[in-house]
Amino acid sequence: MEDIARHSDAAEVMDIALECAAAERIMLNRYERKLYLNIFKSIVGKHRRTREIFIDLTKRMHPDNHRVLIVAKNIEELEDSIFSTCDHVVKNVKMYLTALDYKNAGIEDDIASSDYEKYGLNKPDVDLIELRCFFLRVIGDFYRYKCEIIGTDDDMNGAEEAYKAAWEEADPYLYPMCPVRLGIAVNYSIFLFEMLGEKVFGYKLAHKAYQEYLDADDVVYEDDMALESGFTSIILRDNLIYWKEGFKAIAANQLAFENELMNG
């Protein structure tokens, strides 16, 4: 409980930081935005793991045990906390992106160059797009966390729209080895494959991102970014292997079924 309380205190600090950044239209750097994500992700993650423990416990308890109702109440409270935190993050991140509101900066060059320094947009063609893509993925992630429990249609649509918007910006404008681009490819493809049932689309998107990562010329990244890119590419690769084996199994079962019909 102390650990969760400590993260809650840190979350309050990050909320204030994000609010200040929005008010001054300040671009958070890579470290700051990852810190924001990790703090809230940790809070949700702890509640999700605790919820899973309680659910598993109820399956092993006798139905007549009066403590089943107590555990069920705890599960409900954890779910409410997860939903509340996810809604909170989505709302605040949307507020921050709306405050920046420079979607086309660096692409259509619709901001005067004199304004770049004023708003901290030193490299709008890369930095701003990377920031937007990162936070769009965050919105998709926290909608998805709700969907993995009992999400509404609005949650599913919110996740899909956020992931799609993130990928549509990341795909053409971020370098194939960029960890933000790779992270979007991982989470969006998983959402497509496992939650929307769009298995072929999800596989193709992941394959595209992974192949372009392999084909890209090496660039000099900071050590932590290079490590993150490498780790994320491994997740993409492993997902592709797992999904491909699933496709093969489906094809084999279908062939066996067709042979049985013909020989029946």
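Please give the length that would be gained between Met225 and Asp15 if that part of the chain were fully extended, namely 0.36 nm times their separation in residues minus their C-alpha to C-alpha distance (nm, one decimal). Walk me through the numbers before you get to the answer.
Numbers: separation 210, 0.36 × 210 = 75.60 nm, distance 2.47 nm.
Length gained, Met225 through Asp15: 73.1 nm.
Want the number for Ile55 to Lys204: 0.36 nm per residue separation, take away the alpha-carbon distance, what's left? Mind dumping the intermediate values first?
On the way: separation 149, 0.36 × 149 = 53.64 nm, distance 3.48 nm.
Here the answer is 50.2 nm.
Under a point-charge model restricted to the Cβ atoms of Lys and Arg (+1) and Asp and Glu (-1), what is the dipole moment magnitude of the stretch 7-107 relative to its Cα centre, in debye to the nearest 20? Walk me through the numbers on the way to the answer.
Numbers: 16 positive and 15 negative charges, 94 e Å.
For this selection, approximately 460 debye.
Can you flag which of Lys146/Lys244; Lys46/Lys73; Lys41/Lys91; Lys34/Lys146; Lys164/Lys199; Lys34/Lys204 are past 19 Å Cα-Cα?
Details: Lys146/Lys244 28 Å; Lys46/Lys73 17 Å; Lys41/Lys91 15 Å; Lys34/Lys146 21 Å; Lys164/Lys199 15 Å; Lys34/Lys204 27 Å.
Cα-Cα > 19 Å for Lys146/Lys244; Lys34/Lys146; Lys34/Lys204; rest within.
Using alpha carbon coordinates only, what is the Rg to Rh ratio of the stretch 160-217, with Rh defined as the Kirkwood radius? Don't skip to the answer; put the middle values down first.
On the way: Rg = 10.7 Å, Rh = 11.2 Å.
We get a ratio of 0.96 for the stretch 160-217.
Each reported figure results from applying straightforward, stated rules to the coordinates on display, with no laboratory input. Since the model is a prediction, treat every value here as computed from it, not as a measurement. Please note: Cβ atoms are built from the backbone with ideal geometry, for glycine as well, and neighbour counts cover all protein chains shown.
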